[in-house]
Structures are given as structure tokens and as C-alpha cells.
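Beneath this line is the structure, given in C-alpha cells, with notes to follow.
The values are calculated or read from the model by the stated rules, or taken from the named source; none is laboratory data. The shown structure was predicted, so the numbers you read here are calculated from the model rather than taken from an experiment. Cβ: placed from backbone, ideal geometry, glycine included. Neighbour counts: every protein chain shown.
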Amino acid sequence: MNTFVAALSFCLSAATVLWAGCDLSGLTGSERILIYDVVDADTPRAVPLLTVFSDGRVRVAMPGEARDDHIGQSDVRAMFQAIETAGLARLTSEEIAGSFSADGAQDGRVPINRVADGATSFVVLDVPGCEAHLSVANSAFHALAHPEAEALQSFREIELRLLNIVTAVQTR
């Protein structure tokens, strides 16, 4: 099994419940339906780290270029099923941030929210039934510090799955 297929299988392995909320049926052609980016800025870049299109094409930003690959429409549907299962389309950035204390730990540990130059993770969904523009600053650090924060953990779960796709395309 090649690296891309293995990463994609891992990415989609959580898609085990019936897919109901994200309606891909009306999409035709190659509409942009998801972007994912990690950047030290207030908005995603013009060419985000990952773009997913309704026809199954993915575009991954690389140094000096963007690389296109294809995961197939059934895999796109499974990806959105995982997003729906995680409840990501029903969350807001404020709900995610509110699911943990931004003041850091109360047990004497250094507050993780005080990371200098921490990046913001963006997930933008643009599908009927799954429309969201989510941004979480320092998601990796906060997810480690706050395992009890369900909304944050849901965001991070999908973020890790998207990063697996990025890695698989970048290493082809």
C-alpha cells in the first residue's frame, strides 16, 4: 500500500456513521469545498496549505508551487462524513475557544496560550449543510493542554486528518 493510500485510509477511518448533514449532491464540476491552512495571520493565505474540490481533486501548497492530486469523490464524501461525525460544521470559532480556559493551567504550569508566534489553524467548509469558517490559535498546544475540551478536540481530530492528506501529497 503506498503512502498516499495509507494516509488517506487513516484519514477516512473515522467515517463510520450515516452521513446526513453535508449535502454534496448538488455540486457539479470542481467547486472548492474545503480549505485548510496554518499560518501566523488573521486569515488563510491566498493559496492555502490544502484545498479540496468537489470532484475529488486536492491541491497542496508546496514551497514555490502547488501540487494537485486526486482522492476521488467517494473519498471526499467520506471526509465530509468524518467532519459531520465530529460535529465540526456545527461549531463556531468562539465555541471552540470557549471550550477551554485561555488563562492556562491553574496548577502552576506555564500557560500554553502565551506561545510566541503561534500559528492559527483555519478550516473553511463551503458545502450546503456544512458551512463554517473556523479559526483556532495554537490548536496543537491547546489540544494537548485541554483534553477535556470536546469542541477543541473535535477540531483537532479533523485537523490531524487533513494534515495526513497534506503529508501524503507532499511526499509523493
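Quick look at the values:
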read-out	value
Checklist (1) part of a helix (DSSP H, G or I); (2) modelled with pLDDT under 85; (3) under 28 Å from HIS142 (Cβ atoms) applied to SER74, failing item	(3)
Positions within region 42-51 being without any contact (Cβ under 8 Å) to a residue 60 or more places away in the chain and out of contact with any Asp or Glu (no Cβ under 8 Å at 6 or more places or on another chain), in sequence order	ALA46, VAL47, THR51
Single match in GLU65, GLU94, GLU84 (criterion: within 28 Å of HIS146 (Cβ to Cβ) and at pLDDT 90 or above)	GLU94
Enumeration of residues in region 12-50 that are at pLDDT 90 or above, surrounded by 11 or more Cβ atoms within 10 Å (Cβ to Cβ) and over 19 Å from VAL136 (Cβ atoms)	ARG32, ILE33, VAL47
Residue in region 139-151 that is surrounded by the most Cβ atoms within 10 Å (Cβ to Cβ), counting only those that are at pLDDT below 90 and either in contact with an Asp or Glu (Cβ under 8 Å, 6 or more places away or on another chain) or under 21 Å from THR43 (Cα atoms) (or both)	HIS142
Selection within region 123-136 - out of contact with any helix residue (DSSP H, G or I) (no Cβ under 8 Å at 6 or more places or on another chain) and crowded, with 18+ Cβ neighbours inside 10 Å	VAL124
Filter result for the condition that a residue is touching a residue at least 60 places away in the same chain (Cβ under 8 Å), within 14 Å of CYS130 (Cα to Cα) and surrounded by fewer than 21 Cβ atoms within 10 Å (Cβ to Cβ), over THR85, THR92	THR85
Exclusive hit being acidic (Asp, Glu) and closer than 16 Å to ARG32 by Cα, set GLU150, GLU131	GLU131
Hits in region 148-170 (condition: under 19 Å from THR92 (Cβ atoms) and of a type in the set (Ser, Thr, Tyr))	SER154
Yes/no for GLU148 being outside any strand (DSSP E or B) and either in contact with a strand residue (DSSP E or B) (Cβ under 8 Å, 6 or more places away or on another chain) or small (Gly, Ala, Ser) (or both)	no
Test for THR167: is it out of contact with any helix residue (DSSP H, G or I) (no Cβ under 7 Å at 6 or more places or on another chain), of a type in the set (Ser, Thr, Tyr) and either in a helix (DSSP H, G or I) or at pLDDT 90 or above (or both)	no
